[in-house]
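Each reported figure results from applying straightforward, stated rules to the coordinates on display, with no laboratory input. Keep in mind the model is a prediction, meaning the values are calculated, not measured. With ideal geometry, Cβ positions are generated from the backbone for all residues, glycine too; neighbour counts draw on all protein chains shown.
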Amino acid sequence: MSIKNFKYDEVGLKRFFGSLEAKIMELLWEADELSIKEVQQHLEKDKPVNFNTVMTVMNRLVEKGILEKRVQGRLSLFQPVQSKEEFMEEQSKKLTENLLDEFGGVVLNHMIDSLKEADQTLLDKLEQKIQQLKKENL
């Protein structure tokens, strides 16, 4: 699945989704499967939200390939296509590949510079990965 708009100035899921989309995705990742009405009821704990608005957003998430819709009688149930971890892994990989394609080594230099405050375990994993890539390219 491909997210078209990445928002640099946002945080978390709002980098990939609109505000309501992000809230809906969080609810569905926590619950696994919900109806539109159930999602609306959860969202209304914070502030009123129109049922039709929730329905429209959820159906658009289905069209984007992010949610699956299952009909049970007259009830439509929605669930995420991927776990939150799988989604974040896929999106971060695509973002990294796009940055590397467009900016090449400059991006790698910036990533390495940002590791100054990195945990030693992360640095060890990175070093192992680099050594593995070197062996594969021999």
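Considering amide H positions built from the backbone, and no H for Pro or chain starts, which residues 5 or more places from L77, or on another chain, come under 5 Å of its amide H?
Correct list: R70, V71, Q72.
Would you mind listing how long the chain runs along its three principal axes, going by Cα atoms, in whole Å with the largest first?
If we take the Cα atoms of the chain, the spans are 60, 29, 29 Å.
Using only DSSP helix segments of four residues or longer, with each worth -39500 (n - 2.57), what per-residue ellipticity at 222 nm results for the chain after dividing by its residue count and rounding to 500?
After summing the helix terms and dividing by residue count, I get -18500 deg cm²/dmol.
So how do R60, R15 line up by other beta-carbon neighbours within 10 Å, fewest first?
Listing R60, R15 from fewest to most nearby Cβ atoms yields R60, R15.
Which longest run of the chain has no exposed loop site in it, a site being chymotrypsin sites (Phe, Trp or Tyr not before Pro) in a DSSP loop with at most 15 other beta carbons within 10 Å, and the site itself not part of the run?
Looking at the chain, 9-138 is the longest stretch - no exposed chymotrypsin sites (Phe, Trp or Tyr not before Pro) with at most 15 other Cβ atoms within 10 Å.
Relative contact order of the chain, please, whole-number percent, based on alpha carbon pairs below 8 angstrom and at least 6 residues apart.
18 percent.
Which residue fluctuates most in the GNM of the chain (Cα springs below 10 Å): D124, D113, D101?
Evaluated over the chain, the most mobile residue of the options is D124.
Which lysines does K116 reach when only Cα atoms under 16 Å apart count, and residues fewer than 8 places away in its own chain are ignored?
Once the sequence-local lysines are set aside, what remains near K116 is K125.
Output the DSSP H helices from the chain with an along-axis C-alpha extent of no less than 15 Å and a mean Kyte-Doolittle hydropathy no less than -1.0.
19-31, 51-63
Would you mind telling me which residue in T121, T53, T96 has the biggest mean-square fluctuation in a Gaussian network model of the chain, where springs connect alpha carbons within a distance under 10 angstrom?
For the chain, modelled as a Gaussian network with Cα springs under 10 Å, the answer is T121.
How large are Rg and Dmax for the stretch 84-136 when only the alpha carbon atoms are used, in Å?
Reported Rg and Dmax, both Å: 12.6, 33.
Just M58, M88, M111 to compare: in a GNM of the chain, with alpha carbon springs under 10 Å, which one fluctuates most?
M111
Using the 10 angstrom Cβ neighbour count as an exposure proxy, how do I112, I66 rank, fewest first?
Placing the least packed residue first, the sequence is I112, I66.
Between E90 and K134, what FRET efficiency comes out of the Förster formula 1/(1 + (r/R0)^6) with R0 = 30 Å and r the beta carbon distance, rounded to 0.05?
0.70
So what's Rg/Rh here for the stretch 12-80, counting alpha carbon atoms and using the Kirkwood radius for Rh?
0.93
Past the 19 Å Cα-Cα mark, which pairs from K14/K93; K4/K69; K23/K45; K23/K47; K4/K93; K23/K64?
In this structure, K4/K69 exceed 19 Å between Cα atoms.
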